[in-house]
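Each value in this text was obtained by applying a stated rule to the coordinates, not by laboratory testing. What you are looking at is a predicted structure, and each value in this text was computed from that prediction instead of being measured. Heads up, the Cβs are rebuilt from the backbone with ideal geometry, glycines too, and the neighbour counts pull from every protein chain shown.
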Amino acid sequence: NQSNLDWLIQEKTVSGDGHAFSVVGNIGSVDEAREVIRKGGEGIGLFRTEFLFMEKKRLPLEDEQFEAYKTVLQAMEGKPVIVRTIDIGGDKELPYLHLSKEMNPFLGFRGIRFCLGEQTILRTQLRALLRASAFGNLKIMFPMVAVIEEFRQGKAMFEEEKRKLVEEGITVGNIELGMMVEIPSTALMVESFAKEADFFSIGTNDLIQYTLAADRMNEQVSYLYQPYHPAILRLIKRVIDYAHQEGKWVSICGDMAENKVAIPLLVGMGLDEFSVHSSSIINTRAHIRDLRMQDIQHMIDKVLNLPNAAEVEQVLENFLNKSD
Ligand code: PEP
Ligand code: MG
């Protein structure tokens, strides 16, 4: 109940035993940024920029994008804003680009694959972002990275556009460059990525569908779409552990971050940031404050070694009921 928890907006998000977390919002439009602030968000953990590309019948111009990013950064008043470069393809189409039909769109030309294929689109977006970075605390991440070459190529383009703008005399902020972890290969190779990326944001919506090979849009296989499956939890844990070894931080921006049953486990694993829908921000913050990492840690090895999602869910629900 939001009104009872409004006092939390001014507080830091700290667990009952003193560990700091951050709870930020997911947005898909400029207006939603203001909603995140109203609802007590400590920043934006995922700005889905696809809407900018879908609201018109043509590609948005660099200046149009610049204005949108600048407005969001200013609205957030110095709080961190993670903008995800365009993640088109899969379930998100752009009719005016007339891309060829694919047999398996979720395994096809989407996310960073699309951006590396259509380089002017990514370069334009990066330029708009770099220019906007002077107006707030901007971080950028690439979606759907499967192999390290993709991150390196995206980063090289980012550095090139940055150099060009600086040569033109334009002020550019200090921007952390991260990536989404939403493909199992990336989670399994995170040790390497952690040497090159500044941060990670786990996209559990896609990570679950790719790990269990269950289309997130297909009702007939939705029973296999299992957030609590130990395979998913093991991937999440190794991303957090190896990222931390390299001094990097980890967010989750998929729906799992606002799942009341999953949150204790994620807190116990030391997830740094929870990026959730604005309507879930305050409850997520309240929930974290009620937890103590030290009460949870013993549960982690146990659930990772269970054989299936049902048994994991049982353990997590028991924990929740005991602490209520
Ligand atoms: C995800 O995959 O979890 C994610 C946050 O990205 P999207 O839902 O936009 O694919
Ligand atoms: Mg995704």
### Message
Just to be sure I understand the model, the point goes 7 Å from the Cα along the line to the Cβ. What's the resulting residue 103 to residue 219 distance in nm?
### Response
2.7
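Would you order 22, 192 from fewest to most other beta-carbon atoms within 10 Å of each residue's own beta-carbon? If you can, show how the numbers build up before the last one.
Working: 22 21, 192 15.
Going from least to most buried by this count: 192, 22.
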### Query
Can you give me the Cα centroid spacing of region 236-277 and region 76-141 in angstrom?
23
### Query
Using 7 Å Cα-to-Cβ label points, what is the residue 134/residue 310 separation (nm, one decimal)?
6.0
### Summary
For residue 11 and residue 113, extending 7 Å from Cα along the Cα-Cβ vector and measuring point to point gives, in nm, a value of 4.5
### Filtered trypsin sites (Lys or Arg not before Pro), region 48-126: DSSP coil and at most 16 other beta carbons within 10 Å
56, 57, 58, 101
### Message
Rounding to the nearest 10 and keeping the result within 0 to 90°, find how far the Cα-based axis of helix 309-323 lies from the longest principal axis of the chain.
### Response
70
